[in-house]
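The values are calculated or read from the model by the stated rules, or taken from the named source; none is laboratory data. What you see is a predicted model, and the numbers here were worked out from it, not measured in a lab. Please note: Cβ atoms are built from the backbone with ideal geometry, for glycine as well, and neighbour counts cover all protein chains shown.
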Amino acid sequence: MTNPVPPDSGATPPPPGPTWYAGQAAAPAGGGLPPTPAPREARPGLVAGVILVVAGGAILLERVLQQYVGVPTWPAWIVIPGIAMLVGSLFIPPRGGLGLAVPGAIIASVGLVLWVQDVTGLYSTWAYAWALVAPTAPGVAMLLYGAVHRDGDLVGDGLRSTLTGVALFAGFAFFFEGVIGLNGHPLGRLDEILPYALIGLGALFVVVSLLGGKRSRDR
């Protein structure tokens, strides 16, 4: 039996049910607080193991190409570390692996461009092939990393960067090869349509930029 509160004390009786102390969160139905999910942590051993496995497999592939196909394979020693870094970054928690993915993609793209140039002998293509190294390679890294970790914003940023790099590569390739004739003879009368092509490409960039900004404001 509870002691009644004196009518002249001015105090209000406590509410029925269990008493909660200040700062204590109410427990959910069923008793107890819900478990807090543990944050995902990077596992250096796993990342290092994946990098070593990828690097070893790529080295074996390089030996096969050199022995049986006969193509020059020295750029593989640039491509292999880059691909290994990119693949290993996918096993690092979201956004934490970008510091490994982006450099890996850049290194791999440099090796691939050198590989094509070594086979064809067209080293002067660096005049426009740089666009494949940046911003295309970082865009591909963000796109792949965001897709694996289901990061929509990162996928969007990577896609825009990739498309920008590809457009720059195509535009400069058109100018140096079609108009100037960097590695051969220019295509006839392309110098006359060059201004219109530049205006059209610039207008395309403006439209894409405005549409992207509008979507961001709507969200």
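Before we move on, is Gly121 within 15 Å of the chain's Cα centre (by Cα) and without any contact (Cβ under 8 Å) to a residue 12 or more places away in the chain? In short, no.
Cβ-Cβ contacts under 9 Å between residues 6 or more apart (or on different chains), taken from a first residue in the range 56-67 that is over 18 Å from Gly82 (Cα atoms) to a second residue that is assigned to a helix (DSSP H, G or I) and modelled with pLDDT of 80 or more, are listed as Leu65/Ala76; Gln66/Ala76. Confirm whether Leu90 is over 27 Å from Arg150 (Cβ atoms) and surrounded by 14 or more Cβ atoms within 10 Å (Cβ to Cβ). Answer is no for this residue.
Within the range 31-46, one or more residues are of a type in the set (Gly, Ala, Ser), modelled with pLDDT under 80, part of a helix (DSSP H, G or I) and exposed (fewer than 10 other Cβ atoms within 10 Å of the Cβ). Among the residues making up the range 88-119, a single one is modelled with pLDDT under 90 and outside any loop (DSSP other than H, G, I, E, B): Val119.
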